[in-house]
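Input: a single structure, listed below in structure tokens.
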Amino acid sequence: MAMLKTTVKDQLLDAALIHVAFDGWTEATFTAAVQDAGLEIGVARSACPRGALDLAITYHLHGDADMLVRYAQEDLSALRYSEKIATLVRFRLEAATDKEAVRRGTTLFALPHHAADGAKLIWGTADAIWIALGDTSRDSNWYSKRATLSAVYSATVLFWLGDQSEDHADTWAFLDRRIADVMRIEKVKAQVNASPLLKPLLAGPKWALGLLKAPPEHPRDDLPGYLSGASKTR
């Protein structure tokens, strides 16, 4: 059943993209996609209960997947760590071949009632990048790395949407500057932590941050309120 839903959702997404440029990720686009794909509305709603919103989410997730496929195919071993981060962000943007679909998605997820979905998607992109780079942090650094990269990615997307330079050269320069800014902040943090004068002042905040732990990679499903494994696969 899951495979059927995935197939139907992909069919709808392919059919929807031509309409997104004119109507955005709207109910009109979803209805047109259902008709163009030759699907029954009940089947389409089963795959996408929230209509075009689910298609916009799927479009973003496909971009994340394409980024990771390209990363697996490229040899980035000669790059510095910061350059690898910038390269993955670039791969993610280049995976979005339909800039208007991204522009319309940015508008959609800026709406208050869809903002949580948009934030979750951006966080997921940042998380995918850190995991690809081998991040093993499980403490407060897990959150700070993803929050910082989410901010860098969001700012770069907005710049990219308005970039008219050849091969988006201005966007890549903007991205490099943002990554450099982050690296400078990390350098200052390291200097503060090494300072005999300032280090004691951070003992309290560091203790509080030390209580933060990354969410479990495999959440338990044997607690009250969780569906059993068998139920989730039906």
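The values are calculated or read from the model by the stated rules, or taken from the named source; none is laboratory data. Here the structure is a predicted model, which is why all the values come from computation and not from measurement. Backbone-built Cβ (ideal geometry, glycine too); neighbour counts: all protein chains shown. These accessible areas exclude ligands, DNA and RNA; they are computed on the full protein's heavy atoms, side chains included. Shrake-Rupley method; radii C 1.70, N 1.55, O 1.52, S 1.80 Å.
Ignoring any ligand, DNA or RNA, what whole percent of the accessible area of the stretch 14-124 comes from carbon and sulfur when the probe is 1.4 angstrom? Please report the intermediate quantities before stating the final value.
Details: 3350 of 5780 Å².
Solvent-exposed carbon and sulfur of the stretch 14-124 make up 58 percent of the total.
How would 163, 66 rank on accessible area, largest to smallest, probe 1.4 Å?
Working: 163 10, 66 85 Å².
If we order 163, 66 from most to least accessible, we get 66, 163.
Rounded to the nearest 0.05, what FRET efficiency do residue 116 and residue 166 have when you use their Cβ-Cβ distance and R0 = 45 Å? Don't skip to the answer; put the middle values down first.
Details: r = 37 Å, r/R0 = 0.82.
Computed FRET efficiency for residue 116 and residue 166 comes out at 0.75.
Please list the radius of gyration and Dmax for the stretch 31-187, considering alpha-carbon atoms only, with Å as the unit.
Looking at the stretch 31-187, its Cα Rg and Dmax stand at 17.1, 57 Å.
Please give the FRET efficiency for residue 141 paired with residue 99, using the beta carbon to beta carbon distance and R0 = 22 Å, rounded to the nearest 0.05.
Working: r = 33 Å, r/R0 = 1.52.
Calculated value: 0.10.
Can you check what the net charge comes to around residue 86, using other residues whose Cβ is under 9 Å from the Cβ of residue 86 (Lys, Arg +1; Asp, Glu -1)? Intermediate results must be reported in sequence, preceding the final value.
Details: positive: 84, 90, 178; negative: 83, 176.
Its environment carries a net charge of +1.
What number comes out for accessible area per residue over the stretch 60-105 if the probe is 1.4 Å? Units Å², please.
Numbers: 2490 Å² over 46 residues.
The answer is 54 Å² per residue.
Using a basic spin-label model with each label point 7 Å from the Cα along Cα→Cβ, how many nm lie between residue 76 and residue 155?
Taking the two extended label points, one gets 1.9 nm.
Select from the stretch 1-103 those GluC sites (Glu not before Pro) which occupy a DSSP coil region and have at most 16 other Cβ atoms within 10 Å, ordered by residue number. List each step's numbers first, then the result.
Values: sites: 27, 40, 74, 83, 94, 100; in loops: 40, 74.
Sparse-neighbourhood loop GluC sites (Glu not before Pro): 40, 74.
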